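The structure appears right after this line, and notes come after that.
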Amino acid sequence: MQIIRCDSTHDPMWNEFVQSSPRASFYHRAEWRSINERCFGHQTAYLGAMDHGRIIGIFPIVRLKSLLFGNIACSMPFVNYGGPCSASDEIEARLMSAGAAVADEWGVDYLEVRSQRYLSDRYPSSDHKVSMTIALDPDPEAVMARFKRDQRAEIRRAAKNGFVTRFGPELVEDFYRVLSSSWRELGTPIFGIGYLKAILAAFPDSTRICVVYSEDGQPAAAAFDGIHNGTVEGMWLGMRSDYRRQLVGYVLYWELIKHACENGWRVFHLGRSSKDSGGEQFKKKWNAETLQLYWTYVLRTRKEMPALNPDNPRYRMAIKAWQKMPVAATQLIGPFIARSIP
């Protein structure tokens with residue numbers, strides 16, 4: 001076995017492995033390499049464990065370099081997770097060592113590996129992130145029946161507020177309007193809409209956009225998901241604060257679940273949340289189970305794990321300033337900042 005750096009000629013073999021591996025996810029697909037390279041200009045290293053001409057393990061890595069946040073590598077940035085993937089823990093350990101060598105070559109401050117599994121005692125890791133997961137059923141009412149009585153009542157109450165739900169890639173502009181507004185409220189810089197359009201173009205049969213409209217036709221809440229091997233990956237979701245009291249979040253979540261059931265998908269990852277956060281508590285209402293995520297670090301110029309997140313007091317003033325900006329201004333400035341925040 002040898003570990004090589006894969007290029008576009010390896011994409012069919014790479015994706016064949018991703019399709020067949022139970023440890024692989026939507027975020028391991030080969031298309032993400034060109035998306036990150038073209039949309040952000042990021043350097044990538046797609047490591048493949050090769051055995052007799054076939055791929056038996058993969059590890060996608062992306063480099064993000066900026067004056068604001070430093071020189072870092074991540075697997076995978078902007079999405080929920082990534083990391084080394086193989087049927088063998090031993091091969092994954094070999095891939096981690098190869099990833100550490102890439103980090104040395106690039107001279108990064110650290111390599112951040114986002115994984116659904118605990119990888120190794122060799123490297124420090126954080127368990128501050130979780131993914132909330134719903135088991136689906138071909139019959140949406142069977143899923144509804146599992147909810148507590150109060151939850152079912154809230155869903156029915158929300159449905160009376162005149163919202164209309166639509167699905168389709170053509171809704172990307174309205175989705176971006178909602179997400180921009182939602183992220184401005186959080187104080188988070190938004191990436192450019194070109195990134196979303198590139199994902200839609202790369203995965204036309206493996207993505208879905210949902211937008212919930214108010215009675216007067218305004219986009220009130222929206223979600224962008226990926227689909228892989230019967231699993232729905234909640235990637236980005238937002239709602240406008242004007243409609244929270246009308247329970248638009250309940251409409252959005254139920255329509256996403258119902259649509260996933262009707263399409264025969266089996267599992268719904270509702271996206272990652274910080275442990276013990278309000279987001280985690282809301283997702284638990286949907287009878288979601290907690291899946292622990294692990295952020296593992298190969299530290300090079302640091303002795304402690306980084307804290308590149310909104311909870312870091314270092315970013316508090318910047319977040320407050322961003323929350324006061326017009327949404328149009330955040331859409332203009334945000335992409336130059338967001339490209340460097342993994």
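Points worth noting:
- Of all residues in region 39-50, those that are open to solvent by 40 Å² or more (accessible area, probe 1.4 Å) and farther than 22 Å from Arg302 by Cα total 2.
- When region 218-236 is limited to residues that are under 20 Å from Tyr195 (Cα atoms) and touching a Ser or Thr at 6+ places or on another chain (Cβ under 8 Å), the one that is surrounded by the fewest Cβ atoms within 10 Å (Cβ to Cβ) turns out to be Ile227.
- Of the residues examined, Asp225 is one that is of a type in the set (D, E, K, R) and in contact with a Cys (Cβ under 8 Å, 6 or more places away or on another chain).
- Selection status of Ile72, over 17 Å from the mean Cα position of the chain (by Cα), crowded, with 22+ Cβ neighbours inside 10 Å and either modelled with pLDDT of 95 or more or not hydrophobic (A, V, I, L, M, F, W, C) (or both): yes
- Screening region 150-189 for residues that are touching a Gly at 6+ places or on another chain (Cβ under 6 Å) and among the aliphatic types (A, V, I, L, M) and picking the one that is surrounded by the most Cβ atoms within 10 Å (Cβ to Cβ) gives Val178.
- Output for region 227-256, where each listed residue is among the β-branched types (Val, Ile, Thr) and within 30 Å of Ser20 (Cα to Cα): Ile227, Thr231, Val232
- Tabulated pairs, region 1-17, first within 24 Å of Ala93 (Cβ to Cβ) and touching a residue at least 24 places away in the same chain (Cβ under 8 Å), second of a type in the set (D, E, K, R) and open to solvent by less than 50 Å² (accessible area, probe 1.4 Å), C-beta under 6 angstrom, 6+ apart or interchain: Met1/Asp51
- Residue in region 84-102 that is of a type outside the set (A, V, I, L, M), in a strand (DSSP E or B), in contact (Cβ under 8 Å) with a residue 12 or more places away in the chain and buried (at least 17 other Cβ atoms within 10 Å of the Cβ) present: yes
- Qualifying position, being surrounded by 15 or more Cβ atoms within 10 Å (Cβ to Cβ), among the aliphatic types (A, V, I, L, M), closer than 22 Å to Ser277 by Cα and touching a helix residue (DSSP H, G or I) at 6+ places or on another chain (Cβ under 7 Å), among Ile134, Ile199, Ile193, Ile209: Ile134
- Selection within region 53-69 - open to solvent by less than 10 Å² (accessible area, probe 1.4 Å) and over 16 Å from Arg33 (Cβ atoms): Gly57
- Verdict on Val113 being closer than 30 Å to Arg245 by Cα and crowded, with 18+ Cβ neighbours inside 10 Å: no
- The selection criterion, being aliphatic (A, V, I, L, M) and closer than 30 Å to Asp216 by Cβ, holds for Met144.
The values are calculated or read from the model by the stated rules, or taken from the named source; none is laboratory data. Computed from a prediction, not measured in an experiment: that's the story for all the values here. FYI the Cβ positions are ideal-geometry reconstructions off the backbone, even for glycines, and counts take in every protein chain you see. Protein only, heavy atoms only, side chains kept; ligands, DNA and RNA dropped before computing areas. Shrake-Rupley method; radii C 1.70, N 1.55, O 1.52, S 1.80 Å.
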